[in-house]
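A.B. asks: Attaching a single structure in structure tokens format; questions to follow.
Just so it is clear, none of the values below were taken in a lab; they were calculated from the coordinates. This structure is a prediction, so every number in the text was calculated from the model and none was measured. Glycine also receives a Cβ, built like all others from the backbone with ideal geometry; neighbour counts cover every protein chain displayed.
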Amino acid sequence: MSLHEACGVFGIYAPSEDVARLTYFALYALQHRGQESSGIATSDGNDISLYGDMGLVSQVFNEEVLEQLSGHIAIGHNRYSTTGSSHIANIQPIVIDSPIGEIGIGHNGNLTNAAYLRSELEQQGYTFHTTTDSEVIAQMIAAAPSGDIIEKIRYAMGRLQGAYSLVVMTKDKVLGVRDYLGVRPLCIGKVNGNGWAISSESCALDQLGMDYQRAIQPGEIVVIDESGLHSYPSVIPIKERALCVFEHIYFARPDSRIGSRQLYPARQAMGAGLCKEYPVDADLVIGVPDSATAAAVGYSQASGIPFGEGLLKSRYVGRTFIQPDQRLRDVGVRLKFSPLPHALKGKRVVVVDDSIVRGTTTPRIVTLLRKAGAKEIHFRICAPPLRYPCVFGIDMATRRELIAAQKTVDEIRDWIGADSLGYLSIDGLMEAIDLPRDTFCLACFTGDYPIPIQLEMDKFALETT
């Protein structure tokens, strides 16, 4: 599995709460959405304070830092880079000056016209300090013709193309903004008393004891200030929605909900759909932990084949800045997974995974399982074959690197060394999710992008010398 999400964002307005600490724990809950850097900006109604650094949330913040982030308004961000390199200058939130005062922004997604907009703004005299499309969004808001923050954001939304779920702050407000296609999720929660929160996923709200209210709609701006929460619906008719289907398959935590749909039972249904489409005689069903566990349970329940653990995942192998030497790199999958020979020996095993991207990790998993004694290995994949790259905020691969764009399913089966291989069909996936097909972006399967795009976009297009 080699898919990486863009980012996790969180915003809160809560006069009676320690918002910096709450944002810290929210980012902790959203750590799976980005592990390169983390940052928090707060405001006391007059001044914005900002702190961020490279690394995981637990590495970036401590008691001393959180005590310095005072106020009743905060936004936070976990980053995985999709535009701009993994560098300290690109940490978010970004805070910039504007004609209406300082503006802070945290962004989940990816613009497809960032290079064009940045060039336009630079010609107008704007200076950029990062190489991210997120700063392009911030500067576009600042450059908007005269108006309040809502009018400025609406002006920017008219120019931006691509995916953006935003948390935005001024000295006295926090706002949530979702692009017109609704590619990335964003939801609202109620804080005890008179507070409100905005989060990429509901799991962060649940862990903090906040009440999930609803999803922010495509094209909607939500404003939270001293008078409460206010909604400004899209100013244009929403004719098409394009929520990334991988939020349901892999990205979002299984205990989150997107809209009205809980993800764990949806993933179980994907496994049941795989059993319906690709049944096999076997002795054991295992999932590649942890993202495919729910689907493996669903396959087991539908097939009657016992579910068990055949692979253990190290809970302490995360993103690191220390590169392994060549010997460890060659057997790198062993750093992440350990097989259980007593559970696998002599067994015909169904292995459920969420996707195959480049086809580099899966053969190593097959080798591990065979060395542990598995008699047969039948791979079942919750996603249809990935044949096209994502341009909306997933650091996936180029089309040349996607194995399903270059090989047939039988050729992939032989490449990974499995006895059989089955991918869930698009129809089966939609049946499991149980939402209308036109709700989702399925471009990575079909090549049918919701907006015109440049297929081979460069992640580092905004890098400067």
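A.B. asks: Go ahead and run the numbers for FRET between Thr408 and Lys239, Cβ-Cβ distance against an R0 of 22 Å, rounding to 0.05. Write down the numbers at each step before the final one.
C.D. replies: Numbers: r = 36 Å, r/R0 = 1.63.
In this case the efficiency is close to 0.05.
A.B. asks: A further question follows. When a footprinting reagent is the concern and you count Cβ atoms within 10 Å, what order do Ile96, Ile216 take, fewest first?
C.D. replies: Values: Ile96 16, Ile216 22.
Listed from fewest to most nearby Cβ atoms, that is Ile96, Ile216.
A.B. asks: How far apart, in nm, are the 7 Å Cα→Cβ label points at Gln207 and Asp283?
C.D. replies: Between Gln207 and Asp283, the label points sit 3.9 nm apart.
A.B. asks: Compute the Rg/Rh shape ratio of the chain: radius of gyration over Kirkwood radius, all on alpha-carbon atoms. Please report the intermediate quantities before stating the final value.
C.D. replies: On the way: Rg = 22.4 Å, Rh = 22.8 Å.
With Rg and the Kirkwood Rh in hand, the quotient comes to 0.98.
A.B. asks: Nearest 10 degrees is fine. How inclined is helix 149-159 to the longest principal axis of the chain, computing both from alpha carbons?
C.D. replies: 50
A.B. asks: If I take R0 = 22 Å and measure r between the Cβ atoms of Asp255 and Met54 in this structure, what FRET efficiency does the formula 1/(1 + (r/R0)^6) give, to the nearest 0.05? Present the calculation step by step, with values, prior to reporting the outcome.
C.D. replies: Values: r = 28 Å, r/R0 = 1.26.
Once rounded, the FRET efficiency stands at 0.20.
A.B. asks: Placing unit charges on C-beta atoms (Lys and Arg positive, Asp and Glu negative, everything else neutral), compute the dipole magnitude of the chain about its Cα centre in debye, rounded to 20.
C.D. replies: Details: 43 positive and 53 negative charges, 336 e Å.
Here the chain has a charge dipole of around 1620 debye.
A.B. asks: For helix 361-371, report the angle its Cα long axis makes with the longest principal axis of the Cα atoms of the chain; keep it between 0 and 90° and round to the nearest 10°.
C.D. replies: 40
A.B. asks: Next question, about the same structure. Among Ala156, Tyr13, Gly193, which residue has its Cα positioned farthest towards the positive end of the charge dipole of the range 7-242, with +1 placed on the Cβ of Lys and Arg, -1 on the Cβ of Asp and Glu, and the dipole taken about the Cα centre?
C.D. replies: Ala156
A.B. asks: Would you work out which of Val136, Val183, Asn78 lies farthest towards the positive end of the dipole of the range 7-242, given +1 charges on the beta-carbon of Lys and Arg and -1 on that of Asp and Glu, about the Cα centre?
C.D. replies: Towards the positive end, the residue furthest out is Val183.
A.B. asks: What length, rounded to one decimal in nm, is gained on full extension from Glu120 through to Thr398, with 0.36 nm per residue of separation minus their alpha-carbon distance?
C.D. replies: Taking Glu120 through Thr398 to full extension adds about 97.3 nm, to one decimal.
A.B. asks: Send over the per residue convex hull volume for the range 128-274, Cα only, as a whole number of Å³.
C.D. replies: On the way: hull volume 19.9 nm³, N = 147.
Value for the range 128-274: 136 Å³ per residue.
A.B. asks: For a quick size check, give me the Cα extents of the range 7-242 along its three principal axes, largest first, whole Å.
C.D. replies: Extents along the principal axes, in whole Å: 43, 37, 33.
A.B. asks: Highest mean first, what order results for 188-200, 432-444 on Cβ atoms within 10 Å?
C.D. replies: Values: 188-200: 22.2, 432-444: 18.5.
Top to bottom by mean Cβ count within 10 Å: 188-200, 432-444.
A.B. asks: Also: Gln301 to Asn62: extension gain in nm, 0.36 nm per residue of separation minus the Cα-Cα distance? Let's see the in-between values first.
C.D. replies: Numbers: separation 239, 0.36 × 239 = 86.04 nm, distance 4.41 nm.
Result: 81.6 nm gained on full extension.
A.B. asks: A further question follows. Restricting to bridges with both residues inside the chain, how much of the DSSP beta-bridge set is antiparallel, in percent to the nearest 5?
C.D. replies: Numbers: 64 of 81 bridges.
In the chain, approximately 80 percent of DSSP beta bridges are antiparallel ones.
A.B. asks: Can you tell me what percent of all Cα-Cα pairs in the range 24-71 are more than 14 Å apart? Kindly include the intermediate steps, with their values, before the conclusion.
C.D. replies: Details: 548 of 1128 pairs.
When all Cα pairs of the range 24-71 are counted, 49 percent exceed 14 Å.
A.B. asks: At 0.36 nm per residue, and after removing the present C-alpha to C-alpha distance, how many nm does the segment from Lys276 to His230 gain when stretched out fully?
C.D. replies: Taking Lys276 through His230 to full extension adds about 12.0 nm, to one decimal.
A.B. asks: Count the lysine pairs in the range 7-242 that are 8 or more places apart or on different chains: how many have C-alpha atoms under 23 angstrom apart?
C.D. replies: Numbers: Lys152/Lys171; Lys152/Lys173; Lys171/Lys190; Lys173/Lys190.
Total qualifying Lys-Lys pairs in the range 7-242 comes to 4.
A.B. asks: For the range 7-99, list log₁₀ I(q)/I(0) at each q in 0.14, 0.25 Å⁻¹, using the Debye formula over Cα point scatterers of equal strength and ignoring solvent, two decimals each.
C.D. replies: -0.44, -1.28
A.B. asks: Something else: FRET efficiency for Asp44 and Ile150, Cβ-Cβ distance as r, R0 = 22 Å, nearest 0.05? Display every interim value, and only then the final one.
C.D. replies: Working: r = 22 Å, r/R0 = 1.01.
After rounding, the FRET efficiency stands at 0.50.
A.B. asks: Starting with the fewest neighbours, write out Val57, Val357 ranked by other beta-carbon atoms found within 10 Å of each beta-carbon. Don't skip to the answer; put the middle values down first.
C.D. replies: Values: Val57 24, Val357 20.
Ascending number of Cβ neighbours within 10 Å: Val357, Val57.
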